[in-house]
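One structure is given below, encoded as structure tokens.
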Amino acid sequence: MYIGVDYYPEQWPKERWTEDVRLMKELGVNVVRLAEFGWQLMEPEEGVYDFSLYDEAIELLTKNGIQVVLGTPTATPPAWMIEKYPEILPVDQNGTVISFGARRHYTVNSEVYRDFSAKIVEKMAKRYGQHESIIGWQTDNEYGHEKSDRSYGNVDQKAFQTWLKEKYQTLDTLNEAWGTVFWSQTYTAWTQIPVPRKVFQEHNPSLLLDFDRFCADAYTSYNKLQTDLLRKHIRSEQWITHNFVYTGQAINQWDMAKDLDFISFDNYPVWGGLPEPIAPAAIAHQHDLCRSSKDGKGFWVMEELSGAQGWSSIGYLPRPGHIKLWTYQAIARGAEAIVYFRWRAARFGTEEFCHGVLDHDGKPKRKYREVKEVIDSLSVFGDDWIASEYKADVAVYYDVENAWAWGIQPQSNAFDYKHEFLRFYSPAHRMNALTDIVTKESNLDGYKVLVVPVYFLTDPLVNEKITRFAKDGGTVILSYRAGVKEQNNFVVEDTLPGALRELAGVEINEYESLQLGQNNSVEGVQGSVSGVNSVASIWCDLVEPTTAEVLAEYRSCFYEKTAAITKNKFGKGTVYYVGTALENEIMDALYADIFKDAGVTIMSSSGEEVEAVTRTAEDGSVFLSVVNHSTENKGSLTLPEGTWVDPVSEEVVKGELSLEPLAAHVFRSR
Ligand code: GAL
């Protein structure tokens, strides 16, 4: 397995490099990522290339048996380029040009920028594409991050108009698809169509959704420009990846992944200014997103946090044990390689306070020792753990376009897409049921439960898939605001939940959006939720059963006694409808019953801080990883039947496993 560090030799005097590489070797590092911000060094002036610094660094690493992932440097166009070709710069919604001075200051719609990118990528590919110790490539760095996903300049507007022409062919079709008769927006020439810059209040939601699609497509095609050029020159064993972040930008990781050999992810469970790490399920679901982006394929964590991070504001100091815990969690959920960010904290630049395995003084201390312990422990597994099979019973539906549609119309100031997605994902995480995130292209065979959170923007193919899944005996959990929108962001003409109405056995004739601080309440009246009370927030669908039975009702307002949760038999399957945002206790009670009926494998643990994942090795033995995310409380896990051995300590465990705060173990069944 590859374990490495993100290394920036250009930020250190050459005299230090030998000591760095010596320490890396001592640590057990076998790969480093290099060069992803090194454009100015590689092309100090237009058309003049100089690879000597990276040549030297690569040679030193090669001599020491460390392999290399090379980043293309296009996240940081140099100052000379911007001075000469300022049209490369992106423009924000207010029409303000984003200045040179940080990074990601380019629009992918600039032909000038595409040309420069193509040239540097091709030069690098020619120079390093056959190099024996370069194992692969990372294109750019975190596409769309730091608000660089949408640009609203003139070149973007032109490109948007061209994209629309290709999509709609005629203006009549576009006008119809966007409902431009509303507010006299009918376009009579393509050149009239705006990019959604600042207006009084809000743009047409159909235009906004198409703009997000366009921005994502533009990035996908920009990435393809790079991958095509690389593939022309690199040896067949070198692979190409990109380090994604999943923060709801107008980037379609699934589309882009088609042009990559596998995807990579930058894992920062805590960052500048955050007082503590994000919830365990929030970290876990990102790893699930990574696997889902390339059809279940394993991924690399190209940046795994190793020290406190931040720019002008520094975040939480990861506690002793966090490095191991987050590494084990990532591997359990599909990471096949871990690269720690960063080798050493820089003494200058915006990221002076992004701490690494080493800090500013360059001395190996606590974090270095922790990484060493992790690498030593992982060496015991060889590649068996990462090669084992992760097989989930529960599928959770996600679609980037749905996330964008929610971004355009959150409908309540209390609504946050990720938060609501996690509300429906987390009960499975708390019960240690294995989850996959599935998208419109996924095959649903083999799953027992399909959770479909806040499925607002529908797709006829997905409606069909959900229906078939239930008909054939699967269990579906739908949530509030299911079935509301068509692909062009119009509201469906049907009574809600639209195409899912028969399936759910309910009708929604009225609903209420609740704002921050405003609540209703719900009480369970049947089945496992019976007698369980919950605050209901964000949204209340007034659920009217047609064929469904009522599991919970609202307890206040004029719709007191109206259904809030229902259960319907449909075909050979069962469909639940949860009409509001509910608290954990009632969600857990509901899911417990659903999982039991559907035969989902769960593992009982002391609480949401404990996360256990099983994977099956080729010889039929099972790897069970278990971590306790709590920094303060002990946790416990009821181990699945059988005898479990910790291959690192050779300890044998059975029955109830007690876990220290921040414990991280991997057991193998015997
Ligand atoms: C990542 C980025 C790195 C570095 C890091 C700081 O998002 O890819 O280059 O900025 O954050 O924590």
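The values are calculated or read from the model by the stated rules, or taken from the named source; none is laboratory data. Since the model is a prediction, treat every value here as computed from it, not as a measurement. Here Cβ is always computed from backbone atoms with ideal geometry, including for glycine, and neighbour counts include all displayed protein chains. These area figures cover heavy atoms from the full protein model, side chains too; ligands, DNA and RNA do not enter into them. Shrake-Rupley method; radii C 1.70, N 1.55, O 1.52, S 1.80 Å.
If you wrap the Cα atoms of region 189-254 in a convex hull and average its projected area over all directions, you get 6.9 nm².
With helices as the sole contributors, the chain gives -9500 deg cm²/dmol at 222 nm; each DSSP H run of n ≥ 4 counts as -39500 (n - 2.57), and the sum is divided by every residue. Compactness check for the chain: Cα Rg over 2.2 N^0.38 Å is 0.99. Each residue of region 641-657 was assigned a 3J(HN,Hα) from its phi angle through the Karplus expression (A = 6.51, B = -1.76, C = 1.60, θ = phi - 60°), giving 2, x, 10, 10, 10, 8, x, 7, 8, 6, 6, 10, 10, 7, x, 8, 9 Hz with x at Gly and Pro. Can you pull the one-decimal nm distance between simple spin-label points at residue 597 and residue 444, each 7 Å off the Cα toward Cβ? Label at residue 597, label at residue 444, 1.6 nm between them.
The charge dipole of region 610-669, taken about its Cα centre with unit charges on the Cβ of Lys, Arg, Asp and Glu (plus for the first two, minus for the last two), comes to roughly 80 debye. Basic side chains Lys and Arg get +1 at the Cβ, acidic Asp and Glu get -1 at the Cβ, and with that the dipole of the chain about its Cα centre reaches some 660 debye.
Which shape class, rounded, prolate or oblate, goes with region 361-455 when its Cα gyration tensor gives a ≥ b ≥ c as root eigenvalues, a/c under 1.5 marks rounded, and past that a/b bigger than b/c marks prolate?
Since a/c reaches 1.5 but b/c is at least a/b, the shape of region 361-455 is classed as oblate.
Expressed as a fraction of 2.2 N^0.38 Å, the C-alpha radius of gyration for region 22-82 is 1.29.
When the P(r) is computed for region 394-598, the part past 20 Å accounts for 51% of the Cα-Cα pairs. Our estimate of slack between residue 111 and residue 26, defined as 0.36 nm per intervening residue step minus the Cα-Cα distance, is 26.0 nm. The modelled label-to-label distance between residue 181 and residue 495, using points 7 Å beyond Cα along the C-beta direction, is 2.6 nm.
Assuming 0.36 nm per residue, please report the length gained on full extension of the stretch residue 411 to residue 80 beyond their Cα-Cα distance.
Length gained, residue 411 through residue 80: 114.7 nm.
Only protein atoms count toward the accessible area here, which uses a 1.4 Å probe; on the chain, the carbon and sulfur part of that area reaches 50 percent. Fully extending the segment from residue 461 to residue 560, taken as 0.36 nm per residue of separation minus the present Cα-Cα distance, adds 32.1 nm.
Per residue, region 394-598 exposes 37 Å² of accessible surface when a 1.4 Å probe is rolled over the protein heavy atoms with every protein chain present. Take the Cβ atoms of residue 471 and residue 533, set R0 to 30 Å, and the FRET efficiency comes out at 0.30. Accessible area per residue was computed with a 1.4 Å probe on protein heavy atoms; residue 59 scores about 110 Å². Mind grabbing the accessible area of residue 436 for me, 1.4 Å probe, Å², rounded to tens? About 30 Å², ignoring ligands and nucleic acids. Treating only the Cα positions of region 610-669 as identical point scatterers, give the base-10 log of I(q)/I(0) from the Debye formula at each q in 0.20, 0.21, 0.25, 0.29 Å⁻¹. Results for region 610-669 at q = 0.20, 0.21, 0.25, 0.29 Å⁻¹ read -0.71, -0.77, -1.05, -1.30. Per residue, the solvent-accessible area of region 6-132 (1.4 Å probe, heavy atoms of protein chains only, all protein chains present) comes to 41 Å². Legend: distances between Cα atoms for 391/572; 258/418; 232/324; 294/372; 84/165; 167/297; pairs beyond 27 Å are 232/324; 294/372; 84/165; 167/297.
For region 394-598, the antiparallel share of DSSP beta bridges with both residues in that region comes to about 65%. Heavy-atom accessible surface of region 268-379, averaged per residue, reaches 34 Å², computed with a 1.4 Å probe. Residue-wise HN-Hα couplings along region 497-502, as the Karplus relation 6.51 cos²θ - 1.76 cosθ + 1.60 with θ = phi - 60° gives them from phi, are x, x, 5, 9, 5, 5 Hz; Gly and Pro carry x.
Based on the Kirkwood radius over alpha-carbon pairs, what is the Stokes-Einstein translational diffusion coefficient of region 268-379 at 20 °C with 1.002 mPa s viscosity, in µm²/s? Display every interim value, and only then the final one.
Numbers: Rh = 14.5 Å.
Translational diffusion coefficient: 148 µm²/s.
For residue 518 and residue 274, a Förster radius of 41 Å and the Cβ-Cβ distance give a FRET efficiency of 0.90, rounded to the nearest 0.05.
Label-to-label distance for residue 373 and residue 319 is 1.3 nm, based on points extended 7 Å past Cα in the beta-carbon direction. Take every pair of alpha-carbon atoms less than 8 Å apart whose residues are at least six positions apart; their mean separation over the length of the chain yields a relative contact order of 10 percent. Of the residues 387, 9, 422, the one whose Cα sits farthest towards the positive end of the charge dipole of the chain is 9 (charges of +1 on Lys and Arg Cβ, -1 on Asp and Glu Cβ, taken about the Cα centre).
What number comes out for the charge environment of residue 4, summing +1 per Lys or Arg and -1 per Asp or Glu over other residues with Cβ under 10 Å away? Display every interim value, and only then the final one.
Numbers: positive: 33; negative: 6, 304.
Around residue 4, the surrounding residues sum to -1.
In this structure, the amide hydrogen of residue 543, modeled 1.01 Å from its nitrogen in the peptide plane, lies closer than 5 angstrom to those of 563, counting only residues at least 5 positions away or on a different chain. DSSP assigns beta bridges within the chain; of those with both partners inside it, close to 55 percent run antiparallel.
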